Amino acid sequence: MDPSVTERLTRRVLEGMEYETNRSGPPDDFPRLPRIPGGRYNDASFLESERRGLWKRTWLYACHSDELPRAGDFLLWQSTGAPILILRGRDLKIRAFYNTCRHRGAPLVKQAQGHCDGLVCSYHGWTYALDGQLVNLRDKRDFVGLDVAAHSLTAVRCEQFANWVFVSEDPDAPPLLEYLDPFPAQFGQFQPETFRFVEKHGFDLKCNVKVLLDAFLEVYHLKSIHQGTVDRFLDYRGTTIALYRNGHSLMVTPNRRPDWKDPGTVGMPTLSTVTEIPRNHNVSYLIYPNFVMPPSDSGIPMLQFWPVTERTSRVVSTWATVASRDW
């Protein structure tokens, strides 16, 4: 991580926590904010407009590259409703395609995860290479004039930051690293390319996705919900939040007990490059719209929040940790 980035961020966070701890009211120029209509949460038609205008048009974390270790390994990713096949090619590059044959739209794979040497449609037998190219079909004599090169699988935007694989169904989306700015520079201290995938679990909940996600973007609730646990260690009144373009944010909450360490991390390898703020305080990043991460010097728990209906949601929890080596 660029030392100048570290120094500026550290100074801004420390000044922000001091200001928040000591203020007696909002700033003089704080705007009067309107109330949020309830329909933004519970209106099914508004959720449908978000599916079209938000979820289909932004970058979304899909998987860790360790989940596809070999050429031919694939995941069937359906978090936005569309069946998207994420596949490592023979050149070891990870690509994404819609899981639909170009002939009649039948699925190419049906299991959630697996391995293949190529993709064969079970309906009419059209065959595709791992890079999505159409390589064979039965009875070519009946497809006079067919341009095989023009019938590759339909690609979905797929790019990586370190070992994290993102997809976007918007062909006009900006490059991933541009969308994530300024996080790639800030994340240098965590050496994200060295974090190894450990496990992933999904949970279905009877809760609106925004209500659920809101709870991870503030600490106002600590004294009500976490009286005997988190509230003992974190000073919610000193929390400072930085808002960035594209909806991203960084929240830092002062640690009342800098000497306290999460028992689950004791004995785990750590990174010496992690700086003062995430080493001594509680840091939480939001990659908009649904990717929350509280990184530490030993690992990164990653949470994603997905709408199912206006009243139900799914949470996917992924854990990545520092490889066991001397840093």
Legend entry - Neighbours by Cβ (under 8 Å, 6+ apart or cross-chain): first from segment 109-126, among the β-branched types (Val, Ile, Thr); second in a loop (DSSP other than H, G, I, E, B): VAL109/ASN99; VAL109/CYS116; VAL120/LEU108; VAL120/TRP126
Inset, instruction - Determine if segment 89-97 includes at least one residue that is in contact with a Cys (Cβ under 8 Å, 6 or more places away or on another chain) and either over 28 Å from VAL308 (Cα atoms) or β-branched (Val, Ile, Thr) (or both). - result: yes
Inset, instruction - State which residue pairs qualify: first residue free of Cβ contacts under 8 Å to residues at least 40 places away in the same chain and closer than 14 Å to ASN255 by Cβ and inside segment 271-282, second residue outside any helix (DSSP H, G or I) and of a type in the set (D, E, K, R) in any location, beta carbons under 8 Å apart, and separation of 6 or more residues or different chains. - result: ARG279/ASP297
Inset, instruction - Determine whether segment 150-170 contains at least one residue that is in a strand (DSSP E or B), touching a Phe, Trp or Tyr at 6+ places or on another chain (Cβ under 7 Å) and of a type in the set (Phe, Trp, Tyr). - result: yes
Inset, instruction - Test VAL211 against the criterion of being assigned by TED's automatic domain parsing to the domain that holds ALA96, hydrophobic (A, V, I, L, M, F, W, C), under 19 Å from the mean Cα position of the chain (by Cα) and closer than 26 Å to VAL308 by Cα, and give yes or no. - result: no
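Table: residues versus (1) of a type in the set (Asp, Glu); (2) outside the structural domain of ARG314 (by TED's automatic domain parsing); (3) touching a Pro at 6+ places or on another chain (Cβ under 6 Å).
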| position | (1), (2), (3) |
| --- | --- |
| GLY118 | no, yes, no |
| GLY125 | no, yes, no |
| ASN136 | no, yes, no |
| ASP139 | yes, yes, no |
| PHE143 | no, yes, no |
| THR194 | no, no, no |
| GLU199 | yes, no, no |
| GLY202 | no, no, no |
| PHE216 | no, no, no |
Inset, instruction - Spot the failing condition for LEU222; the list is (1) surrounded by fewer than 19 Cβ atoms within 10 Å (Cβ to Cβ); (2) at pLDDT 90 or above, and only one is missed. - result: (1)
Legend entry - Lone qualifier among ARG95, ARG102 - being among the charged types (D, E, K, R), in a loop (DSSP other than H, G, I, E, B) and closer than 30 Å to ARG52 by Cβ: ARG102
Legend entry - The lone exception for ILE36 - which of (1) free of Cβ contacts under 8 Å to residues at least 60 places away in the same chain; (2) within 24 Å of the chain's Cα centre (by Cα); (3) outside any strand (DSSP E or B) it fails: (2)
Inset, instruction - May I ask you to list the residues in segment 293-315 that are under 10 Å from the mean Cα position of the chain (by Cα) and surrounded by fewer than 20 Cβ atoms within 10 Å (Cβ to Cβ)? - result: LEU303
Inset, instruction - Residue by residue through segment 81-129, note down the ones that are of a type in the set (Ser, Thr, Tyr) and surrounded by 16 or more Cβ atoms within 10 Å (Cβ to Cβ). - result: TYR98, THR100, THR127, TYR128
Legend entry - Condition met for ARG51 (surrounded by fewer than 16 Cβ atoms within 10 Å (Cβ to Cβ) and under 30 Å from THR253 (Cβ atoms)): no
Inset, instruction - Find the residue count for segment 1-34, including only residues that are loosely packed, with under 11 Cβ neighbours inside 10 Å and of a type in the set (S, T, N, Q). - result: 3
Legend entry - Test: residue in segment 63-83 that is at pLDDT 95 or above, in contact with a Phe, Trp or Tyr (Cβ under 6 Å, 6 or more places away or on another chain) and assigned to a strand (DSSP E or B): yes
Inset, instruction - Among what's in segment 122-149 and is in a strand (DSSP E or B) and of a type outside the set (A, V, I, L, M), pick the residue that is farthest from LEU92 (Cα to Cα). - result: ASN136
Inset, instruction - May I ask you to say which residue of GLU67, GLU20 is among the acidic types (Asp, Glu) and more than 30 Å from VAL322 (Cβ to Cβ)? - result: GLU20
Legend entry - Options LEU108, LEU87, LEU92; residue that is on the phi > 0 side of the Ramachandran plot and at pLDDT 95 or above: LEU92
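The values are calculated or read from the model by the stated rules, or taken from the named source; none is laboratory data. Just so we're clear, the structure is a prediction, and the values are computed from it rather than from any experiment. Please note: Cβ atoms are built from the backbone with ideal geometry, for glycine as well, and neighbour counts cover all protein chains shown.
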